[in-house]
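Colleague: Questions regarding the structure given below will be posed in turn.
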Amino acid sequence: MKSFFHVQDIGNLDAALKEAMEVKRTPFAWKHLGENKTIMLVFFNSSLRTRLSSQKAALNLGMNPIVLNIGQDSWKLETELGVVMDGDKSEHLREAIPVMASYCDIIGVRSFAGLSDREFDYAETVLSQFLEFSGKPVISLESATVHPCQAFADLITIEEHRSSKRPKVVLTWAPHPKALPQAVPNSFAEWMNAADVDFVITHPHGYELDPRFAGNAKVEYDQFKALEGADFVYAKNWSCPGVTNPADYGKILSRDMAWTVDAAHMAVTNNAYFMHCLPVRRNMIVTDEVIDSDRSLVIPEAANRVVSAQVVMKRMLEAMQD
Ligand code: AN0
Ligand code: CP
């Protein structure tokens with residue numbers, strides 16, 4: 001595996017899930033694979049789960065993780081090509097990437113969408129420079145448009161908790177005080193479309209996800225109707241993807257607290273499990289009552305981030321041995 005951005009990169013999903021369960025059962029069984037190998041984890045943005053679970057996954061495989069926080073521990077990096085660097089950025093990605101790559105075998109990168117230039121974000125301008133200039137396998141640890149380690153962990157969590165062959169999974173938008181990227185809902189939609197689930201997306205008008213990710217998923221604008229009979233409720237805020245109106249890209253179009261997932265919403269489901277990638281704003285996205293209930297999967301979901309990261313790193317290390 002040369003890169004991990006999209007669901008296609010993991011190949012057959014049943015095989016990937018089987019491997020995930022094996023890795024979860026015997027996390028140290030591949031400790032030899034990472035011997036004398038180094039993974040560089042580069043963070044342009046904050047993180048709790050991703051930085052910890054990626055390091056834990058690397059350690060389970062016997063790899064040495066190095067973490068770099070750009071702009072805090074390093075120089076501030078310029079990401080746009082062709083600019084006169086007379087501002088606060090001391091170094092360009094064009095040099096920084098090959099330098100970092102010379103110190104490691106795999107690179108993981110967290111680089112959120114800027115949410116001001118749709119074209120820049122949706123071209124994955126930062127991550128594609130890592131692919132082009134590092135010559136090493138690259139893992140998106142949430143980049144401008146995708147968060148595949150999260151979506152894979154979500155799929156593992158659904159697989160572990162489903163009671164029917166084809167569960168109903170609903171992705172619902174929920175309010176948030178800040179404009180957030182679309183990476184989490186994009187990847188969740190992409191992975192659910194590829195999985196054997198009945199997938200429905202619900203959000204206010206204007207929040208339509210990019211068709212590259214939404215695919216043929218059913219979109220239901222009536223949130224309660226969408227949630228009827230759901231087995232899994234996956235809540236997430238995202239800002240306007242700019243599909244119907246590019247000028248609105250990255251903006252907050254709704255602050256409607258009627259979309260906060262509460263007990264009344266959960267009451268119309270099939271006693272659904274509640275899911276969220278975290279970090280979550282309580283009583284904005286979801287009420288205390290729902291997130292604290294015994295149907296909440298937010299902690300096991302976060303725990304599975306080690307498993308998803310480990311499967312991806314394991315595959316990359318195995319490919320290096322061939
Ligand atoms: C980020 C987001 O919505 O993309 C990270 C989620 C994993 N969330 C926040 O910035 C709150
Ligand atoms: N879910 C997730 O990626 O969390 P962090 O932003 O804390 O890494």
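The values are calculated or read from the model by the stated rules, or taken from the named source; none is laboratory data. It should be emphasised that the depicted structure is a prediction, and the values quoted were computed from it without experimental measurement. Here the Cβ is made from the backbone with ideal geometry for all residues, glycine too, and neighbour counts use every protein chain on show. The protein model used for the area step is the full one, side chains on, heavy atoms only, and it has no ligands, DNA or RNA in it. Shrake-Rupley method; radii C 1.70, N 1.55, O 1.52, S 1.80 Å.
Colleague: Has segment 127-140 got at least one residue that is farther than 21 Å from Lys76 by Cα and in a helix (DSSP H, G or I)?
Modeller: no
Colleague: Give the residue that is most open to solvent (accessible area, probe 1.4 Å), with candidates limited to residues of segment 70-95 that are closer than 23 Å to Gly135 by Cβ and aliphatic (A, V, I, L, M).
Modeller: Ranking the qualifying residues of segment 70-95, first place goes to Leu81.
Colleague: Specify which of the listed residues (Pro98, Pro27) is open to solvent by 30 Å² or more (accessible area, probe 1.4 Å), within 17 Å of Met316 (Cα to Cα) and not β-branched (Val, Ile, Thr).
Modeller: Numbers: Pro98 fails: within 17 Å of Met316 (Cα to Cα).
Exactly one of Pro98, Pro27 is open to solvent by 30 Å² or more (accessible area, probe 1.4 Å), within 17 Å of Met316 (Cα to Cα) and not β-branched (Val, Ile, Thr), namely Pro27.
Colleague: Moving on. Collect the residues in segment 163-181 that are crowded, with 17+ Cβ neighbours inside 10 Å and either more than 15 Å from ligand 1 (Cβ to nearest atom) or at pLDDT below 95 (or both), keeping them in residue-number order.
Modeller: Once the filter is applied, which keeps residues that are crowded, with 17+ Cβ neighbours inside 10 Å and either more than 15 Å from ligand 1 (Cβ to nearest atom) or at pLDDT below 95 (or both), segment 163-181 yields Pro167, Lys168, Val169, Val170.
Colleague: On to the next question. Within segment 50-69, can you find the residues that are within 16 Å of ligand 1 (Cβ to nearest atom) and either surrounded by fewer than 19 Cβ atoms within 10 Å (Cβ to Cβ) or β-branched (Val, Ile, Thr) (or both)? Steps first, please.
Modeller: Start the filter on segment 50-69 by keeping residues that are within 16 Å of ligand 1 (Cβ to nearest atom), which leaves 50-54, 69.
Once the filter is applied, which keeps residues that are within 16 Å of ligand 1 (Cβ to nearest atom) and either surrounded by fewer than 19 Cβ atoms within 10 Å (Cβ to Cβ) or β-branched (Val, Ile, Thr) (or both), segment 50-69 yields Thr50, Arg51, Leu52, Asn69.
Colleague: Might you let me know whether segment 201-214 holds any residue that is open to solvent by less than 70 Å² (accessible area, probe 1.4 Å) and touching a Cys at 6+ places or on another chain (Cβ under 7 Å)? If you could, list the steps in order and put the result at the bottom.
Modeller: In the first step, residues of segment 201-214 are kept if they are open to solvent by less than 70 Å² (accessible area, probe 1.4 Å); the result is 201-204, 206-210, 213-214.
Subset that is touching a Cys at 6+ places or on another chain (Cβ under 7 Å): 206-207.
Yes, there is a match, as at least one residue in segment 201-214 is open to solvent by less than 70 Å² (accessible area, probe 1.4 Å) and touching a Cys at 6+ places or on another chain (Cβ under 7 Å).
Colleague: For segment 101-119, give me each residue that is farther than 17 Å from Ala179 by Cβ and within 16 Å of ligand 1 (Cβ to nearest atom).
Modeller: Step one: list which residues in segment 101-119 are farther than 17 Å from Ala179 by Cβ, which gives 101-110, 119.
Residues satisfying the conditions are Gly108, Val109, Arg110.
Colleague: State all residues of segment 287-305 that are within 16 Å of ligand 2 (Cβ to nearest atom) and outside any loop (DSSP other than H, G, I, E, B); if no residue qualifies, say none. Don't jump to the end; show me each part of the working.
Modeller: Filtering segment 287-305 down to residues within 16 Å of ligand 2 (Cβ to nearest atom) leaves 291, 296-305.
Ile291, Ser296, Val298, Ile299, Pro300, Glu301, Ala302, Ala303, Asn304, Arg305, listed by residue number.
Colleague: So how many residues does segment 19-48 have that are among the acidic types (Asp, Glu) and closer than 13 Å to Val311 by Cα?
Modeller: Just the residues of segment 19-48 that are among the acidic types (Asp, Glu), to begin with: 19, 22, 35.
Now restrict to residues that are closer than 13 Å to Val311 by Cα: 19, 22.
Total satisfying the criteria: 2.
Colleague: Check Leu48, Leu52, Leu115 and return the single one that is modelled with pLDDT of 95 or more and under 17 Å from Ile139 (Cβ atoms).
Modeller: Sole residue among the options that is modelled with pLDDT of 95 or more and under 17 Å from Ile139 (Cβ atoms): Leu52.
Colleague: Which count do you get for residues in segment 30-45 that are farther than 22 Å from Leu131 by Cα, open to solvent by 30 Å² or more (accessible area, probe 1.4 Å) and not charged (D, E, K, R)?
Modeller: Qualifying residue count for the region: 3.
Colleague: I would also like to ask the following. Of the conditions (1) at pLDDT below 95; (2) away from ligand 2 (no atom under 16 Å from the Cβ), Ala29 satisfies every one except a single condition; which number is it?
Modeller: In the conditions (1) at pLDDT below 95; (2) away from ligand 2 (no atom under 16 Å from the Cβ), Ala29 misses (1) alone.
Colleague: Being among the hydroxyl-bearing types (Ser, Thr, Tyr), within 16 Å of ligand 1 (Cβ to nearest atom) and touching a residue at least 60 places away in the same chain (Cβ under 8 Å) is the filter here; which residues of segment 31-49 pass it?
Modeller: Going residue by residue through segment 31-49, those that are among the hydroxyl-bearing types (Ser, Thr, Tyr) are 38, 46-47.
Narrowing further to those that are within 16 Å of ligand 1 (Cβ to nearest atom): 46-47.
Correct list: Ser47 only.
Colleague: Working only within segment 35-45, note down all residues that are farther than 13 Å from Leu141 by Cα and not in a loop (DSSP other than H, G, I, E, B).
Modeller: We begin by selecting, within segment 35-45, every residue farther than 13 Å from Leu141 by Cα; these are 35-38.
Across segment 35-45, the qualifying residue is only Thr38.
Colleague: Within the bounds of segment 181-197, is there any residue that is in contact with a His (Cβ under 7 Å, 6 or more places away or on another chain), in a strand (DSSP E or B) and closer than 20 Å to Ile291 by Cβ? Before you say what the answer is, go through the steps one by one.
Modeller: Here is the first cut: in segment 181-197, the residues in contact with a His (Cβ under 7 Å, 6 or more places away or on another chain) are 183-184, 187, 190.
Still in the list and also in a strand (DSSP E or B): none.
Looking through segment 181-197, none of the residues is in contact with a His (Cβ under 7 Å, 6 or more places away or on another chain), in a strand (DSSP E or B) and closer than 20 Å to Ile291 by Cβ.
Colleague: Does segment 65-78 include one or more residues that are closer than 29 Å to Pro246 by Cβ, within 16 Å of ligand 2 (Cβ to nearest atom), in contact with a helix residue (DSSP H, G or I) (Cβ under 8 Å, 6 or more places away or on another chain) and part of a strand (DSSP E or B)?
Modeller: No, segment 65-78 contains no residue that is closer than 29 Å to Pro246 by Cβ, within 16 Å of ligand 2 (Cβ to nearest atom), in contact with a helix residue (DSSP H, G or I) (Cβ under 8 Å, 6 or more places away or on another chain) and part of a strand (DSSP E or B).
Colleague: Hey, could you check segment 246-286 for residues that are in contact with a strand residue (DSSP E or B) (Cβ under 9 Å, 6 or more places away or on another chain), more than 16 Å from ligand 2 (Cβ to nearest atom) and outside any helix (DSSP H, G or I) and say which is most open to solvent (accessible area, probe 1.4 Å)? Give the steps one after another, and end with the answer.
Modeller: Taking segment 246-286 first, the residues in contact with a strand residue (DSSP E or B) (Cβ under 9 Å, 6 or more places away or on another chain) are 254, 259-262, 265-266, 269-270, 272-277, 280, 285-286.
Add one more test, that the residue is more than 16 Å from ligand 2 (Cβ to nearest atom), and what stays is 254, 259-262, 265-266, 269-270, 272-273.
This time we only want the ones that are outside any helix (DSSP H, G or I), so: 254, 260-262, 269-270, 272-273.
Numbers: Ser254: 20, Thr260: 11, Val261: 0, Asp262: 50, Thr269: 19, Asn270: 91, Ala272: 3, Tyr273: 43 Å².
If we take residues in segment 246-286 being in contact with a strand residue (DSSP E or B) (Cβ under 9 Å, 6 or more places away or on another chain), more than 16 Å from ligand 2 (Cβ to nearest atom) and outside any helix (DSSP H, G or I), then Asn270 is most open to solvent (accessible area, probe 1.4 Å).
Colleague: Hey, Glu124 hits all of (1) among the charged types (D, E, K, R); (2) open to solvent by 30 Å² or more (accessible area, probe 1.4 Å); (3) more than 16 Å from ligand 2 (Cβ to nearest atom) but one; which does it fall short on?
Modeller: Unmet condition: (2).
Colleague: Out of all the residues in segment 160-191, which are aromatic (Phe, Trp, Tyr) and more than 16 Å from ligand 2 (Cβ to nearest atom)?
Modeller: Filtering segment 160-191 for residues aromatic (Phe, Trp, Tyr) gives 173, 188, 191.
Correct list: Trp173 only.
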